[in-house]
1. Please go through segment 106-126 and pick out each residue that is at pLDDT below 70 and of a type outside the set (Ser, Thr, Tyr).
2. Inspect segment 62-81 for any residue being without any contact (Cβ under 8 Å) to a residue 60 or more places away in the chain, among the small types (Gly, Ala, Ser) and either assigned to a helix (DSSP H, G or I) or surrounded by 15 or more Cβ atoms within 10 Å (Cβ to Cβ) (or both) and give the result as yes or no.
3. Collect the residues in segment 123-138 that are out of contact with any Leu (no Cβ under 7 Å at 6 or more places or on another chain), surrounded by 15 or more Cβ atoms within 10 Å (Cβ to Cβ) and under 17 Å from residue 34 (Cβ atoms), keeping them in residue-number order.
Amino acid sequence: MNELPAEQTWLVLVELLTDLRKKGVEIPKQVTKNIQLAKTTINFYKVDPTDPQRQVEVGRINEFLTQIQDTLMNLAESKGEEYSAQWMDKLLRASRGEEVYPQKKTDSKFVVGAPSGFSMIRVNFKAPLSEDRVQEIAEYHNVIIEFEEDNLVAVYGDKKNLKLSLQELSSFFKEQLEEMG
């Protein structure tokens, strides 16, 4: 499947978020949540872009990306005009459909595709998960949790935050074992 300009924009925004974090800038939790929601929505849309129900998601994707971009670019401006101009150039190139960052292919089940500055793990559950509870964990621990399938999630974030979110996600394993037993 061909890449959408929104995917490149998403990658640029993740790189900007990562770079700002490295520079000690505090990122609002809502931005992390919106980055996760944008990626999940992009993946949902890509399953079948001809499906009218999925076409509606294009507006939501653009809304998420615009909100994230506005917040991160305001934070980037605090690091200087030259710095923010660099990132604005990358965002403009992405919006034109140029490949700013190569998209990693994730056909294999090996752990690949974590944005730089992030660690990543995949967790496979026996049964589908409650998206609301997973979302709460993601927000609380400042990680990105992406549903790859109903029962397979990819978790992105700092190693410390990954560890904490995994401890909380382990409750899903316990619940599923109790249901089986």
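1. Selection gives 107, 109, 110, 111, 112, 113, 114, 115, 117, 118.
2. Keep residues of segment 62-81 that are without any contact (Cβ under 8 Å) to a residue 60 or more places away in the chain, which gives 62-68, 70-75, 77-81.
From what's left, among the small types (Gly, Ala, Ser): 78, 80.
Subset that is either assigned to a helix (DSSP H, G or I) or surrounded by 15 or more Cβ atoms within 10 Å (Cβ to Cβ) (or both): none.
Checked segment 62-81: no residue is without any contact (Cβ under 8 Å) to a residue 60 or more places away in the chain, among the small types (Gly, Ala, Ser) and either assigned to a helix (DSSP H, G or I) or surrounded by 15 or more Cβ atoms within 10 Å (Cβ to Cβ) (or both).
3. Filtering segment 123-138 down to residues out of contact with any Leu (no Cβ under 7 Å at 6 or more places or on another chain) leaves 125-136, 138.
So of that shortlist, the ones also surrounded by 15 or more Cβ atoms within 10 Å (Cβ to Cβ) come out as 125, 129, 134-135, 138.
Once the filter is applied, which keeps residues that are out of contact with any Leu (no Cβ under 7 Å at 6 or more places or on another chain), surrounded by 15 or more Cβ atoms within 10 Å (Cβ to Cβ) and under 17 Å from residue 34 (Cβ atoms), segment 123-138 yields 134, 135, 138.
The values are calculated or read from the model by the stated rules, or taken from the named source; none is laboratory data. Just so we're clear, the structure is a prediction, and the values are computed from it rather than from any experiment. Virtual Cβ from ideal backbone geometry, glycine too; neighbours counted across all protein chains shown.
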